[in-house]
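Please read the structure below before turning to the comments.
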Amino acid sequence: MFTKILIANRGEIACRVIRTCRRLGIRTVAVFSAADADAQHVRLADEAYPIGGPRPQESYLRGDAIIEVAKTSGAQAIHPGYGFLSENADFAEAVEAAGIVFIGPKAASMRKMGSKAGAKDLMQAAGVPVVPGYTGDDQSPQVLAREAARIGFPLMIKAAHGGGKGMRIVHALQEFLPNLESCQREAQGAFGRDRVLLERYIQSPRHIEIQVFGDAQGNAIHLNERECSAQRRYQKVLEESPSTFLTPELRASMGAAAVQAAHAIDYANAGTVEFIVAPDGHFFFMEINTRLQVEHPVTEFVTGLDLVEWQLRIAAGEPLPLAQDAVRQSGHAIEVRLYAEDPEAGFLPGSGKLVHLRLPAPSQYVRVDSGVVEGDVVSIFYDPMIAKLIVWDEDRPRALARMREALAECDIEGPKSNIGFLERLVRHPSVVDGSIDTGYLDRHLGEFLPEATAGEDALASAAVAQLIAQESQARDAAAASSDPFSPWAIADGWRLGHAGKRLLAFLHRGEREELVAHGSGGDYRIAHAGRVIEVAGARMADDVLSARFNGRGRRVRVAIHPQRIDVHDGDRRLRLEPVSAFRRDPGDETQGDGRVLAPMPGRVVMVKIKPGDAVVQGQELLVVEAMKMELALKAPRDGVIAEVRAAAGDFVEADAVLAVLAALEH
């Protein structure tokens, strides 16, 4: 076994690998960019070395710099994690050439799978079912359009190298070329190559992947499946094992096909064979990810195995630790990913300091994989993941209940997060009954977004918590004063002519909510929008409010922060911003001034306009890339371009003015 390895990655996966290495007594070496000097993986590793600037191209994609650090530090092997260089055959080959072990498959195996087109041809030759499509070398738009017409619609355009990014569904021939251009551009930015393949789009499919392992002795087994059908724009949002869709016979068939695929490329180490499964149970090969997957903890929970340890042992030359018939599967595991993103703004990625971060305490039922802690910054340069939340229990209903409870315990202040979206996801009927397919979220996204209005009971809970907090502060202030028993120190809202009346105001998603409260000491009468709620016996302890609302006892989580109040009633969360009850509403005094602003920090990929151009509302003006995502900026109204203040390749800050639109002259 190795005594020291280098981890060529960052964030939660680097921290994850470090944990296993520490348990096995293996020293770890981290590398870091200029943006990650204070990152957690740097602090957790035994040694850490800088390798360049903040952009991945300047650091984590610099294989030469990483190999040089491995030599300098005396690392015997390099673990690539996932993303960055993990599936780069040239890097794997360079590592081996430097006399260092690459903890992953051989470069030859990677090259066979590095192109989705070549992989598909190889699997078809090996007898693994594949989806009809086009994988040819001729990538001219004319040929691709002709092949698209032959395959028929709907079809999928997919980047031939890499996964997740560079994918489009096209429903008609006239939509093909614009989608092709966008897909190729995204693939070039994400993977450095713009080759694509075309394949028939299977309607209402399930996405099921099989975890495989191979060793240098020629053995290969599978560790059963993970279902990843809950997806938004081809990005997984919930993964689980076992699948509710598979019968024992289908599981056995898919497992055998996955092992067959691994043997076809002489695979060693961890890999994932991904299948698309039609409603009738027919399955088709999609790709092999020649690395560890983000969702590997799901498999670890149900098998009781440490997949990183398996990777290390196989890379060190050991045979597979288990035979196929010794692999066990117990209970049910589910994983979701907490991101700094705004679901209500099209899942726009966020960045910034994590002012407050509370995640569930780890236990035999709950696991948290994260690369950040409170006070860290979610950088604009990398994936905006905050943490992976994984739960396990004896069966699926209990696991879903665990996940709901774990999400309810999460609290993030700083960049916006997708916690509310995930909470609605794990309660949605399509997830609860296990019927969700890969396109369901995109077809019904509104069902998973927060409700537009604040619930009366949740508003009342926030008001009661604030009233109790005000009374507590008043008592503390009185106790510290020269007259602690003064009647003026009682926070009951009493005033001559309107005894006990207190006004409260909150902002909810930009809308002002006003409440009127009477009472004190835990007993209140709260009026809002014509409705009155009688509250009795209210008490606050450890961010939990217990009270009787109109005679019915309720227990609600309420966390009061300097700038916000978070309410969670067990089913949904509500975030409110307390504001002065006497503040004048400024109203909407701003009219569209024609400025086109950068929605977040990022890089300008394309400028499609020049001064003097006439544009119409909704026309695409610029494309900005941020956090691995392209954002198209469109004209807010008809007009003429007066100024263009950005060029392709420029890095811009949030709210930077990129273009100015003048009104059309009549």
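Helical content alone sets the calculated 222 nm signal of the chain at -7500 deg cm²/dmol, taking -39,500 (n - 2.57) per DSSP H segment of four or more residues and averaging over every residue. For P(r) over Cα pairs in 20 Å bins from 0, in percent, the candidate list reads (i) 20, 56, 22, 1; (ii) 13, 27, 27, 20, 11, 2, 0; (iii) 16, 46, 30, 8, 0; the entry that matches the value derived from this model is (iii).
What's the angle, to the nearest 10 degrees (0 to 90), between helix 116-125's Cα axis and the longest principal axis of the chain? Rounded to the nearest ten degrees, it is 50. Packing, taken as the mean count of other beta carbons within 10 Å per residue, orders the peptides 236-248, 464-476 from highest to lowest as 236-248, 464-476. Any chance you could check the Cα centroid distance between the range 20-49 and the range 200-258 for me, in angstrom? Rounded to whole Å, the Cα centres lie 32 Å apart. When the P(r) of the range 4-103 is calculated, the portion above 17 Å amounts to 42% of the C-alpha pairs. Centre-to-centre separation between the Cα atoms of the range 104-174 and those of the range 543-567: 53 Å.
Of the beta bridges in the chain, as assigned by DSSP with both residues counted there, near 90 percent are antiparallel. Dipole orientation for the range 4-103: of the candidates Gly52, Gln76, Ala98, Gln76 has the Cα lying most toward the positive pole (charges on Cβ; Lys, Arg +1; Asp, Glu -1). With contacts taken as Cα pairs under 8 Å at a separation of at least 6 residues, the range 35-176 carries a relative contact order of 13 percent. Highest average first, the peptides 19-32, 120-133, 549-562 ordered by how many other beta carbon atoms sit within 10 Å of their residues are 19-32, 120-133, 549-562. By how many degrees, 0 to 90 and rounded to 10, does the Cα axis of helix 456-479 deviate from the longest principal axis of the chain? Roughly 60 degrees between the two axes. For the chain, the longest principal axis of the C-alpha atoms and the axis of helix 63-73 are separated by about 90°.
When the Cα positions of His568, Asn224, Asn550 are compared along the charge dipole of the chain, Asn550 comes out farthest toward the positive end, with charges on each C-beta of Lys, Arg, Asp and Glu. Relative contact order, whole percent, for the range 595-662 stands at 45, derived from Cα pairs under 8 Å and 6 or more residues apart. Peptides 1-12, 337-348 ranked from most to least packed, by the mean per-residue count of other Cβ atoms within 10 Å: 1-12, 337-348. Distance cut-off 27 Å, Cα to Cα: go down the list Lys158/Lys634; Lys71/Lys236; Lys112/Lys236; Lys120/Lys634 and report the pairs above it. Result: Lys71/Lys236; Lys120/Lys634 exceed 27 Å.
Over the chain, what is the relative contact order in percent, taking alpha-carbon pairs closer than 8 angstrom and at least six residues apart? Relative contact order of the chain: 9 percent.
Taken together, the values in this text are just the output of simple stated rules run on the coordinates, not laboratory data. Note that the structure is predicted; figures quoted are calculated from it, not measured. Using ideal geometry, Cβ is built from the backbone for each residue, glycine included, and neighbour counts are taken over all protein chains shown.
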